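So the structure is just underneath, and the comments pick up after that.
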Amino acid sequence: MPLTTGMEILSAARAGGYGVGAFNTSNLEITQAILAAAEETRSPVLVAVSEGGLSYGGKPLIDLVLGMARDATVPVCLHLDHGSSFERCIEAIRLGFTSVMIDKSHADEDENVAETKRVVDAAHAAGVSVEAEIGRLGGVEEHVVVAEEDAILTKPDEAERFMDATGADYLAVAIGTSHGANKGTGRPYIDHGRIEEIAARVSKPLVMHGASGVPTELVERLNAAGGRLDGASGIHEDDVRSAVARGIAKINTDTDLRLAFTASLRESLARTPKEFDPRKLLGPARAEMRTVIEGRMRLFGCAGKA
Ligand code: 13P
């Protein structure tokens, strides 16, 4: 199965009324977990690498993901998560990414439109899809911390104008979610009406960032094994289902994978103090992530769509 563009995967998802996961990777084990879960559940998938992931793994990481993606029997897209500039998006396209996100949501609307359009023109010439964002999510995003009071929910009329002006392929919307393991107290509020209004004006796929469920069971295991994660909270599964039913087609998940990996790793280290073979410690962590990813794929509705 050749590498697939994001638009190919996501336009089918929006038309079919299901969501597809974009899962962040930064090493071999995470990539294996994502692709094994996709194969097991017969799901299309986006393997996402952020600029931080790119600095961590460099070109060897990208070559590894591309090699594994080309061997996959399900559609796989390699996606740049939160590209900060035209130059970083071009760098990703040159490395072989089939989808890039240009995130100028922190700039004013004119700058966001201009930079996004520049990326769209270059990316489309290379056959690469583009995600853009309007509105502003709260939480921890790479090295940027956005306080909840600075978050701005996406306005439906702005979203329509922005997509018409830029020609971007899919749109990340701020609808109440935030990045990281602390998404607010209690059950975070998701503005489902807003998703519906945006979807009525924008026919292209919509993207939900900050969608991790932050399962209590994983947080408790992490803390019991020596971790310290306070005030953790995530997006309720019913809210994810409802968002998908209203037009969300791409769902980003990173935190849940990190939690599964680290909970397992802390447990292994605590349980087997004499063990020093990294494979014995990382193997179970990889298996835990795979289980979490398979669950996410079933929740999104993409299982069986490949
Ligand atoms: P989570 O932190 O909820 O996993 O969201 C990740 C994300 O949106 C990456 O772009």
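The values are calculated or read from the model by the stated rules, or taken from the named source; none is laboratory data. Nothing here was measured: the structure is a model prediction, and the numbers come from that model. Reconstructed Cβ throughout: ideal geometry from the backbone, glycine too, with neighbour counts over all protein chains shown. Note: accessible area is taken over every heavy atom of the protein model, side chains too, but ligands, DNA and RNA are not part of it. Shrake-Rupley method; radii C 1.70, N 1.55, O 1.52, S 1.80 Å.
Between region 192-213 and region 1-79, the alpha-carbon centres lie 21 Å apart.
Among Thr291, Thr116, the sequence by solvent-accessible area, most first, with a 1.4 Å probe is Thr291, Thr116.
Among His79, His192, the order of accessible area from largest down is His192, His79, computed with a 1.4 Å probe on protein heavy atoms. Contact order, relative form, for region 182-306: 30 percent (alpha carbon pairs under 8 Å, 6 or more residues apart, mean separation divided by residue count).
For region 215-291 versus region 157-190, the spacing of their alpha-carbon centroids is 24 Å.
Positive-end ranking of Ile235, Leu222, Ala249 along the dipole of region 217-264, with charges on Cβ about the Cα centre, is headed by Ala249. Between 0 and 90 degrees, the angle of helix 156-166 with respect to the longest Cα principal axis of the chain falls at about 80 degrees.
Can you give the log10 of the normalised intensity I(q)/I(0) at q = 0.12, 0.19, 0.22 Å⁻¹, computed with Debye over equal Cα scatterers of region 204-306? Relative scattering, expressed as log10 I(q)/I(0), comes to -0.46, -0.93, -1.12. Would you please classify the overall shape of region 1-92 from the alpha carbon gyration tensor, given that a ≥ b ≥ c denote the square roots of the eigenvalues, rounded means a/c under 1.5, and beyond that prolate means a/b larger than b/c while oblate covers the rest? Here region 1-92 falls in the oblate category. Cross-link pairs exceeding 29 Å between alpha carbons, from the set Lys59/Lys183; Lys104/Lys183; Lys59/Lys117; Lys155/Lys305; Lys117/Lys305: Lys59/Lys183; Lys155/Lys305; Lys117/Lys305. Counting only DSSP H runs of at least 4 residues, each contributing -39500 (n - 2.57), and dividing by the residue count of the chain, the helix-based mean residue ellipticity at 222 nm comes to -16000 deg cm²/dmol.
By how many degrees, between 0 and 90 and to the nearest 10, does the Cα long axis of helix 192-201 differ from the longest principal axis of the chain? Long axis of 192-201 versus the principal axis of the chain: about 40 degrees.
Computed with every protein chain present, the accessible area of Asp110 is close to 130 Å² [probe 1.4 Å]. Under conditions of 4 °C and 1.567 mPa s, the chain yields 67 µm² s⁻¹ as its translational diffusion coefficient, taking Rh as the Kirkwood radius over Cα pairs in the Stokes-Einstein equation.
Accessible area of Phe162 (1.4 Å probe, protein heavy atoms only, ligands and nucleic acids ignored): about 0 Å².
For the chain, averaging the sequence separation of C-alpha pairs within contact (under 8 Å, six or more residues apart) and dividing by the residue count gives a relative contact order of 22 percent. Most simply put, the chain has about 10% antiparallel DSSP beta bridges, counting only bridges with both residues inside it. Using a probe radius of 1.4 angstrom, the carbon and sulfur fraction of the accessible surface of region 3-62 is 53%. For the chain, the solvent-accessible area of protein heavy atoms averages 41 Å² per residue (probe radius 1.4 Å; ligands and nucleic acids excluded).
At the residue level, Arg136 shows approximately 60 square angstrom of accessible surface with a 1.4 angstrom probe and all protein chains present.
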